[in-house]
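Presented below is the structure to which this report refers.
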Amino acid sequence: MTEAATATGDEQVGEEASGAFSMKPLMFETFVCSMAMMSFVALAGPIARVLGLEPWQVGGAMTASGIAWMIMARFWGGLSDRRGARRWTA
């Protein structure tokens, strides 16, 4: 290994130690949330049966949440563009 490669590796370790932004926690959180949403879709039927709900009621709730998500995404996206995403996620 050359001195230049060693220096670059040391600088990267130093950046992580000094509190530089890391994408790893954000990627993990996105993975976990996606898995939770997808598992809910698979479990919605059995949960509805236990609660005594009709299939159309579960479908209506999922449809309403999807529509609300689409409508509010534009609002939150615009707010994030004007004021910065970090302010809303921190």
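State the percentage of accessible surface on the stretch 22-90 attributable to carbon and sulfur atoms; use a 1.4 Å probe and exclude ligands, DNA and RNA.
The value for the stretch 22-90 is 72 percent carbon and sulfur by accessible area.
For the full complex of protein chains and a 1.4 angstrom probe, list ARG83, ARG74 by accessible area with the highest value first.
Largest to smallest exposure gives the sequence ARG74, ARG83.
The values are calculated or read from the model by the stated rules, or taken from the named source; none is laboratory data. None of the values given here were measured: they were computed from a predicted structure. Please note that ligands, DNA and RNA were not included when accessible areas were found on the heavy atoms of the full protein model with its side chains. Shrake-Rupley method; radii C 1.70, N 1.55, O 1.52, S 1.80 Å.
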